[in-house]
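A quick write-up on the structure given underneath.
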Amino acid sequence: MAEADLGPARRTTRRVRVIASAGIVGAVLLAVLLVPPLVQLDQQAVDLAAKLRPPSWEHPFGTDDVGRDLLLRCVYGLRVSLLVGIVAGLTATVIGTAVGALAAAFGGWTDRVVMRLVDTLSSVPHLLLGIFIVAMFRPGVGPVIVSVALTHWLSTARIVRAEVLSLRSRPFIDAAVSGGASRGRVVVRHLLPAVLPQAGLAAVLMVPHAMWHESALSFLGLGLPTHQASLGNLVQTARGSLLAGDWWPTLFPGLFLIVPTLALAGLAGAWRERINPRRRSELML
Amino acid sequence: MSTAPGPKAPMSPASDSDTKPPEGSGPGPKPPVLSVRGLSVRFRMRGGRHIAAVSDAHFDLAAGECLALVGESGCGKSVLASALLGLLPGNARTSGSALLGDGTELLTADERTLARTVRGRRIGLVPQSPAAHLTPVRTVRAQLEETLRELTGTRGSAVRPAAERAAARASFPAGHLDRYPHELSGGLAQRAATALALIGDAPLLLADEPTTGLDRDLVERTVDELRRHTDGDRALLLITHDLAAAERIADRVAVMYAGRIVELADAERFFGQPGPRHPYAHGLLDALPERAFVPIPGMPPELGALPEGCAFAARCGRADDRCAVLPPFDGRLACHHEVRADGEEPVRA
Amino acid sequence: MLELTRVTAGYDPRDPVVREASLSIAPGESVGLLGPSGCGKSTLARVAALLHRPYAGAVVLDGEPVRGWRHAAPRERRTAVGVVFQQPRLAADPRLTLRELIAQPLRATGRRAEVPDRVAALAPAVGLTAELLGRRPHEVSDGQLQRACLARALVLRPRWLICDEMTAMLDASTTAALVEVVESYRRDSGAGLLAVGHDRVLLERWCDRTVGWRTVCGAGGTAQESMSPTP
């Protein structure tokens with residue numbers, strides 16, 4: 001019924017998009033989870049005799065400037081980037097949901113103070129804020145996660161607050177209050193379940209965003225230590241060779257960043273269409 | 001009470017009534033504005049289920065006539081309206097026919113024809129919630145002018161006075177033309193929507209629950225205005241669950257139950273003496289607070305799981321074995337047990 | 001008694017929708033409050049149901065002045081008043097089945113154990129079958145959903161019932177059926193009723209007395225004046 005108002009052609013394209021996205025995301029997860037334990041190769045193995053080789057059967061993605069296999073480096077890099085993306089995305093969503101829901105549920109002064117804080121933080125470019133945070137720590141995965149998470153809960157908090165505010169004035173909340181529900185019960189049983197689909201969507205969209213931020217920080221040399229493979233570090237170290245006309249050390253890490261990002265966004269889009277109430281408004285009976 | 005069926009009650013399929021002339025005020029010399037024959041709408045649901053939202057509807061609507069289609073919410077009356085406008089969702093299948101006076105077949109017309117020549121031009125829709133029907137970010141004047149340009153081809157300096165005339169026709173005060181929909185009261189929003197519906201000079205006005213949630217005074221004013229526009233050439237199909245509104249303006253009443261029209265009668269006869277013939281219609285009137293205020297027991301059946309025979313039998317005090325067979329609609333009634341007041345002639349021709 | 005004295009309430013202190021409204025209902029009495037839509041009668045109903053804090057005025061419930069509204073009101077006070085709203089779609093949490101919807105107040109007040117018995121008793125009273133109880137709001141009609149909302153309002157056996165345009169969206173038969181459920185509950189429990197609406201014929205048929213919105217908001221006038229006796 002959700003698909004009732006779409007033409008068959010649009011329905012097919014949508015289905016293809018969802019299947020392709022899910023396939024890519026699945027492949028990416030399999031690769032980063034299975035390749036490192038199964039393939040007993042050292043991604044750090046330096047082979048100076050084979051540096052900057054273009055793609056070949058032996059090295060499908062070629063080698064970097066110290067002869068490391070780029071395919072392997074990319075998989076490891078994606079692993080780190082994805083870890084940062086997922087953990088930071090989830091943390092940001094949890095913080096944002098909690099702050100937004102509490103601000104809206106309490107209202108009054110709490111709401112005003114919290115939302116002004118959110119506005120203030122939002123007015124600072126968040127990459128700048130992120131750089132400020134990582135700069136306080138020694139480079140590593142932890143600080144990058146903290147930096148990305150602490151700069152990305154703001155939009156989620158806004159979305160959740162708006163959603164809760166619109167729900168709070170609904171008669172069904174009145175009915176719960178009149179039925180004796182405590183403040184906590186109203187939030188936990190009636191308000192949060194209603195905003196979870198939105199918050200979940202925000203979380204999925206946050207993962208690729210956080211991956212890009214990790215890459216950006218690493219690219220600027222502020223993220224992960226350079227020996228650790230991450231997509232940002234790979235692109236950063238490949239910069240020099242690009243000027244020499246060696247395209248593969250930049251292209252493949254770049255694709256590893258872009259393709260999973262688009263696939264995740266595709267899945268999130270399908271999810272958004274599912275939770276969109278207008279699509280669910282079945283018959284006019 | 002007699003339980004005998006009318007002598008003419010046919011035991012043949014309902015399609016027999018295809019050739020019957022419409023009851024009541026009659027079509028006169030002109031063809032009916034709308035002629036619906038055997039209209040059915042089925043929704044295909046997940047898991048191969050089907051919902052019979054409208055089954056085998058027959059009625060004619062003559063020029064100058066107001067037909068009220070009444071029934072509980074969920075009986076299929078809004079689906080019928082959407083079918084006439086070609087606004088059903090993709091999983092709906094229609095059968096039968098719905099002919100406009102000029103011969104346009106509404107059920108098979110493609111979207112292009114419906115959009116360019118039917119909606120607004122041959123069927124004017126008065127919506128259920130006018131406030132939601134009007135574009136919130138544009139003034140009433142802007143919307144009237146746009147519709148005028150679109151439907152009548154009025155251009156240039158002629159548009160402004162034409163918009164004012166269109167507003168005046170629906171008694172919309174000229175002083176409020178530059179307001180936005182949210183600045184209008186419910187009654188004025190309703191008039192603005194009516195003015196829009198009238199611009200195309202469509203011969204058929206279709207009002208889908210135009211009075212839901214309105215105050216009694218406003219209900220009366222709204223339906224009176226709709227009636228006023230149902231003059232010589234124009235017909236009004238009023239779809240409503242508000243029996244008082246129907247009583248006020250309708251010439252004829254069609255009662256819908258579980259997707260079927262179960263009774264079609266002159267309004268005067270239906271609301272006055274001798275009253276409705278179908279036990280369901282009888283129950284509906286008895287439920288009014290100005291009458292007995294007694295509900296019909298039970299609830300209507302699901303349109304996805306209709307019984308074999310009469311859909312009302314489970315709630316009907318007169319039901320017996322005969323009700324296991326679906327009573328055919330003979331042009332005025334679909335029931336094995338006609339409700340008849342004493343002294344009434346058994347059957348009208 | 002449920003007494004509202006010179007209540008001023010609304011959503012903007014500079015422009016309250018209810019000004020100086022007074023109304024009182026005796027135990028077991030049914031009062032119809034008649035007014036055009038948008039006049040503020042729903043706001044007054046929410047004040048009476050302890051759901052909306054007024055800017056000024058006094059509310060006395062069962063002889064005790066009301067000092068807090070919404071969560072600031074003690075739970076026993078809030079649950080002494082059952083409320084049915086105009087639009088069942090908005091008044092029902094879309095994720096709950098009708099059974100959970102009806103049981104919700106029992107769960108919220110820690111009376112989970114009573115759920116099976118109360119739901120089993122109320123569902124047939126409001127005309128809901130076991131099959132309907134398992135459905136969610138989008139799978140039932142407005143009328144069926146309003147039946148569930150009425151059952152929810154009755155599940156804690158309130159001493160007062162407030163029906164805010166309960167039947168405005170419903171057809172004649174469902175209206176009569178729901179009014180009958182309310183009246184039979186009142187016969188058994190002796191609960192008082194405030195029925196808010198715009199349909200004079202309905203309210204006069206339903207209630208012991210009907211007061212107009214102008215009378216309620218009249219300059220300090222009490223609700224006892226200008227009522228229309230009903231048969």
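The values are calculated or read from the model by the stated rules, or taken from the named source; none is laboratory data. Please read all numbers here as calculations on a predicted model, not as lab measurements. Please note: Cβ atoms are built from the backbone with ideal geometry, for glycine as well, and neighbour counts cover all protein chains shown.
Output yes when any residue across the range C:106-117 is at the interface with chain A (Cβ under 8 Å from one of its Cβ atoms), without any contact (Cβ under 8 Å) to a residue 12 or more places away in the chain, buried (at least 21 other Cβ atoms within 10 Å of the Cβ) and not basic (Lys, Arg), and no when none is. Yes, that holds for at least one residue.
Anything in the range B:127-144 that is under 14 Å from residue B:182 (Cβ atoms), in a helix (DSSP H, G or I) and hydrophobic (A, V, I, L, M, F, W, C)? List them, or say none. Result: B:131, B:132, B:140.
Among the listed residues B:242, B:233, B:286, identify the single one that is surrounded by fewer than 24 Cβ atoms within 10 Å (Cβ to Cβ) and more than 14 Å from chain C (Cβ to nearest Cβ). Walk me through it before giving the result.
Working: B:242 fails: more than 14 Å from chain C (Cβ to nearest Cβ); B:286 fails: more than 14 Å from chain C (Cβ to nearest Cβ).
Being surrounded by fewer than 24 Cβ atoms within 10 Å (Cβ to Cβ) and more than 14 Å from chain C (Cβ to nearest Cβ) holds for just one of B:242, B:233, B:286, which is B:233.
When the range B:321-342 is limited to residues that are among the aliphatic types (A, V, I, L, M) and in a loop (DSSP other than H, G, I, E, B), the one that is modelled with the lowest pLDDT turns out to be B:341. Just one of the listed residues (A:194, A:199) is among the small types (Gly, Ala, Ser), within 14 Å of chain C (Cβ to nearest Cβ) and under 24 Å from residue A:267 (Cβ atoms), namely A:194.
I'd like the residue in the range C:121-144 that is within 11 Å of chain B (Cβ to nearest Cβ) and in contact (Cβ under 8 Å) with a residue 40 or more places away in the chain and, out of all such residues, is nearest to the chain's Cα centre (by Cα). This residue is C:126. The single residue among C:31, C:7 that is over 15 Å from the mean Cα position of the chain (by Cα), in a strand (DSSP E or B) and surrounded by 22 or more Cβ atoms within 10 Å (Cβ to Cβ) turns out to be C:7.
Specify the residue that is farthest from the other protein chains (Cβ to nearest Cβ); the eligible residues are those in the range C:94-105 that are charged (D, E, K, R) and touching a residue at least 24 places away in the same chain (Cβ under 8 Å).
Of the range C:94-105, the ones charged (D, E, K, R) are C:95, C:99-100.
Adding the requirement that they be touching a residue at least 24 places away in the same chain (Cβ under 8 Å) leaves C:95, C:99.
On the way: C:95: 6, C:99: 15 Å.
Going through the qualifying residues, I end up with C:99.
The number of residues in the range C:100-133 being assigned to a loop (DSSP other than H, G, I, E, B) and closer than 19 Å to residue A:178 by Cβ comes to 3. Checking each residue in the range C:74-88 for being at the interface with chain A (Cβ under 9 Å from one of its Cβ atoms) and either free of Cβ contacts under 8 Å to residues at least 12 places away in the same chain or more than 23 Å from residue C:115 (Cβ to Cβ) (or both) picks out C:76, C:86, C:87. The residue that is nearest to the other protein chains (Cβ to nearest Cβ), counting only those in the range C:176-219 that are under 13 Å from the mean Cα position of the chain (by Cα) and of a type in the set (Gly, Ala, Ser), is C:197.
Suppose the filter is away from every other protein chain (no Cβ under 14 Å), under 26 Å from the mean Cα position of the chain (by Cα) and over 30 Å from residue C:142 (Cβ atoms); does residue B:109 pass it? Steps first, please.
Values: away from every other protein chain (no Cβ under 14 Å): yes; under 26 Å from the mean Cα position of the chain (by Cα): yes; over 30 Å from residue C:142 (Cβ atoms): yes.
Answer is yes for this residue.
Scan the range A:168-181 for residues that are among the hydroxyl-bearing types (Ser, Thr, Tyr) and either facing chain C (nearest Cβ under 7 Å) or in contact with a Pro (Cβ under 9 Å, 6 or more places away or on another chain) (or both) and jot them down. Outline the logic, then answer.
In the first step, residues of the range A:168-181 are kept if they are among the hydroxyl-bearing types (Ser, Thr, Tyr); the result is A:169, A:178.
Within the range A:168-181, A:178 is the sole residue that qualifies.
The combined condition, being within 11 Å of chain A (Cβ to nearest Cβ), among the hydroxyl-bearing types (Ser, Thr, Tyr) and closer than 26 Å to residue B:304 by Cβ, is not fulfilled by residue C:173. Applying the set (1) assigned to a loop (DSSP other than H, G, I, E, B); (2) of a type outside the set (D, E, K, R); (3) within 14 Å of chain A (Cβ to nearest Cβ); (4) in contact with a Pro (Cβ under 9 Å, 6 or more places away or on another chain) to residue B:63 leaves exactly one unmet item: (3). For beta carbons closer than 6 Å, sequence separation of 6+ or different chains, a first residue in the range B:73-87 that is in a loop (DSSP other than H, G, I, E, B) and a second that is among the aromatic types (Phe, Trp, Tyr) and crowded, with 21+ Cβ neighbours inside 10 Å, the qualifying pairs are B:75/B:257.
For residue A:246, the conditions (1) in a helix (DSSP H, G or I); (2) farther than 30 Å from residue A:167 by Cα; (3) in contact with a Leu (Cβ under 9 Å, 6 or more places away or on another chain) all hold with the exception of (1). Residue A:166 fulfils the conditions (1) of a type in the set (Ser, Thr, Tyr); (2) outside any helix (DSSP H, G or I); (3) over 30 Å from residue A:28 (Cβ atoms) except for a single criterion, (2). When the range B:213-228 is filtered for residues that are surrounded by fewer than 17 Cβ atoms within 10 Å (Cβ to Cβ) and more than 14 Å from chain C (Cβ to nearest Cβ), the ones remaining, listed by number, are B:224, B:227, B:228.
Checked against the criterion of being facing chain A (nearest Cβ under 10 Å), part of a loop (DSSP other than H, G, I, E, B), in contact (Cβ under 8 Å) with a residue 60 or more places away in the chain and within 29 Å of residue C:16 (Cβ to Cβ), the range C:50-72 has no qualifying residue. Going by the structure shown, is residue A:234 assigned to a helix (DSSP H, G or I), under 19 Å from residue A:71 (Cα atoms), free of Cβ contacts under 8 Å to residues at least 12 places away in the same chain and not β-branched (Val, Ile, Thr)? The answer is no for residue A:234.
Taken over the range A:164-195, the criterion of being in contact (Cβ under 8 Å) with a residue 60 or more places away in the chain and within 32 Å of the chain's Cα centre (by Cα) is satisfied by A:164, A:165, A:168, A:186, A:187, A:191, A:192, A:195.
Table: residues versus (1) farther than 18 Å from residue A:253 by Cβ; (2) surrounded by 14 or more Cβ atoms within 10 Å (Cβ to Cβ); (3) not small (Gly, Ala, Ser).
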| site | (1), (2), (3) |
| --- | --- |
| A:19 | yes, no, yes |
| A:30 | yes, no, yes |
| A:35 | no, yes, yes |
| A:38 | yes, no, yes |
| A:42 | yes, no, yes |
| A:49 | yes, no, no |
| A:61 | no, yes, yes |
| A:67 | no, yes, no |
| A:70 | no, yes, yes |
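With closer than 25 Å to residue B:338 by Cα, surrounded by 23 or more Cβ atoms within 10 Å (Cβ to Cβ), among the aromatic types (Phe, Trp, Tyr) and without any contact (Cβ under 8 Å) to a residue 40 or more places away in the chain as the only criterion, which of B:270, B:293 stands out? I'd like the intermediate steps shown before the answer.
Working: B:293 fails: surrounded by 23 or more Cβ atoms within 10 Å (Cβ to Cβ).
Answer to the check: B:270.
Please go through the range B:228-252 and give me each residue that is assigned to a strand (DSSP E or B) and among the polar types (S, T, N, Q), ordered by number.
Residue satisfying the conditions is B:240 alone.
Of all residues in the range A:28-40, one or more are outside any helix (DSSP H, G or I) and modelled with pLDDT under 85.
Does residue C:42 satisfy the criteria of being within 30 Å of residue B:219 (Cβ to Cβ) and at pLDDT 95 or above?
Details: within 30 Å of residue B:219 (Cβ to Cβ): yes; at pLDDT 95 or above: no.
The answer is no for residue C:42.
Taking residues in the range B:233-244 that are without any contact (Cβ under 8 Å) to a residue 12 or more places away in the chain, and partners anywhere that are not in a strand (DSSP E or B), not one pair has Cβ atoms closer than 7 Å while being at least 6 places apart or on different chains. The residues of the range B:170-205 that are farther than 24 Å from residue B:115 by Cα and basic (Lys, Arg) amount to a single one, B:179.
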